[in-house]
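**Student:** Could you have a look at this structure, given as structure tokens, before my questions?
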Amino acid sequence: MQFEDILYEKSDGIATITINRPEKRNAFRTLTVDELIVAFQDAWWDHSIGVVIFTGVGDKAFCAGGDQSERGSSGYDTSSAGHEMNVEGLHNIIRNIPKPVIAAVNGFAIGGGHVLHVLCDISLAADTARFGQTGPRVGSFDAGYGSAYLARIVGEKKAREIWYFCRQYTAEEAREMGLVNKVVPADKLMEEARAWANELLQKSPTALKFLKYSFNADTAHIGGISNMAMSALELYYQTDEALEGVNAFNQRRPVDFSKFRK
Ligand code: 2NE
């Protein structure tokens, strides 16, 4: 399989999917999302694969969310894939692939990149990793799994803090709030992820599948909210308010939302 924006390899029962845009802190564009979906689909149907490890290239970032340099008044540029960015499809496949997905968070997990690790079954973090949402600062939001499912994990108060204030949290803080399962030295992260994956490979795949679907069932209603939220986001991206957020980031200037407080 030929990919431009990701790396995909399979060995000894483990599929490793790696976002490969280090110059953009592994931010995803429309093509990246499509390629991730294709790789997850391949891992889904390949019966030699029991676990997926999801990570980013380099030591700076797991994923910095949507590529803001490709965002304009009609949302994310469609030219790299020929259609709108299918973030919802990516969320759904991480949730629904009937095998555990381990996020190996090797650096920044920010914005839509933070949501990706939140959706994984297990999150392991390098001690250098940093976590956070940025939506209200850059004119975006994930009012589907990104908020409602996050609240299931860290609780309502903490989830609201994370989204409203757009702060960054250390790996240790993330572990304390239940957002990651374990923190390890950065140079041991992939070794640790493979050890967790190998442990899972010793377990009954069918039992794991039913457990995953059982855990999912309790939050399945968020899928409906996600449909609404992603549609709302498409409309919001067309507003001057959302454009102020993304333009401020791209122009490296302070953001000013004051005139939109109406
Ligand atoms: C990730 C973070 C915190 C890293 O900061 P730092 O200081 O380590 O690096 P720097 O200098 O900000 O970034 C390095 C290079 O990566 C690019 C930057 O523009 C910069 O490029 P150069 O100036 O070297 O050319 N870069 C980083 N993140 C990018 C991004 N998301 N898109 C395009 N280029 C990016 C810091 O960079 C940061 O805060 N990044 C923005 C995070 C963000 O706001 N992401 C989007 C949130 S919205 C979203 O993801 C989303 C959603 O909410 C709903 C649906 C779909 C997507």
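The values are calculated or read from the model by the stated rules, or taken from the named source; none is laboratory data. If you're wondering where the values come from, they're calculated on a predicted model, not measured in any experiment. Glycine also receives a Cβ, built like all others from the backbone with ideal geometry; neighbour counts cover every protein chain displayed. Only protein heavy atoms, including side chains, enter the accessible area calculation; ligands, DNA and RNA are left aside. Shrake-Rupley method; radii C 1.70, N 1.55, O 1.52, S 1.80 Å.
**Student:** Calculate what fraction, in whole %, of the accessible area of the chain sits on carbon and sulfur atoms when a 1.4 Å probe is rolled over the protein chains.
**Tutor:** 52 percent
**Student:** Could you give me the percent of Cα pairs per 10 Å distance bin for region 41-165, shortest bin first, beginning at zero and ending with the bin that holds the maximum distance?
**Tutor:** Using 10 Å bins, I get a P(r) of 12, 40, 37, 10, 0 for region 41-165.
**Student:** Can you give the extra length, in nm with one decimal, that the chain gains between Glu173 and Arg137 once fully stretched, where that is 0.36 nm per residue apart less the Cα-Cα distance?
**Tutor:** Full extension of this stretch gives 10.8 nm more.
**Student:** Using a cut-off of 12 Å between beta-carbons, work out the net charge of the residues near Arg175 (Lys and Arg +1, Asp and Glu -1, Arg175 not included).
**Tutor:** Details: positive: Lys182; negative: Asp127, Glu172, Glu173, Glu176.
Here the charged neighbours net out to -3.
**Student:** Sticking with this one: Rounded to the nearest Å, what's the spacing between the alpha carbon centres of region 61-80 and region 143-157? Just the number, please.
**Tutor:** Region 61-80 and region 143-157 have Cα centres separated by 23 Å.
**Student:** So for the pair Gln238, Glu156, with labels modelled 7 Å out along Cα→Cβ, what separation do we get in nm?
**Tutor:** 3.4 nm
**Student:** Moving on to the next point. Taking every pair of distinct Cα atoms and averaging 1/r, then inverting, what Kirkwood hydrodynamic radius in Å comes out for the chain?
**Tutor:** Computed over the chain, the radius equals 18.5 Å.
**Student:** Another question, then. What is region 93-139's relative contact order, in percent, from Cα pairs under 8 angstrom and six or more apart in sequence?
**Tutor:** Here the relative contact order equals 43 percent.
**Student:** If you average the alpha carbon positions of region 187-262 and of region 1-57, how far apart do those two centres end up, in angstrom?
**Tutor:** Cα centroid of region 187-262 versus Cα centroid of region 1-57: 16 Å apart.
**Student:** Under 8 Å for C-alpha pairs, at least 6 residues apart: give me the relative contact order for region 121-233, rounded to a whole percent.
**Tutor:** Relative CO of region 121-233 lands at 42 percent.
**Student:** Using a 1.4 angstrom probe with every protein chain in place, what is the largest-first accessible-area order of Asp12, Asp67?
**Tutor:** Sorted by accessible area, descending: Asp12, Asp67.
**Student:** Below 8 Å between Cα atoms, with a sequence gap of 6+, how large is the relative contact order for the chain in percent?
**Tutor:** About 19 percent, as a whole number.
**Student:** Assuming R0 = 25 Å, what is the FRET efficiency of Tyr164 and His221, from their Cβ-Cβ distance, to the nearest 0.05?
**Tutor:** My answer for the efficiency is 0.60.
**Student:** How much accessible area per residue does the chain have, in Å², with a 1.4 Å probe?
**Tutor:** 48 Å²
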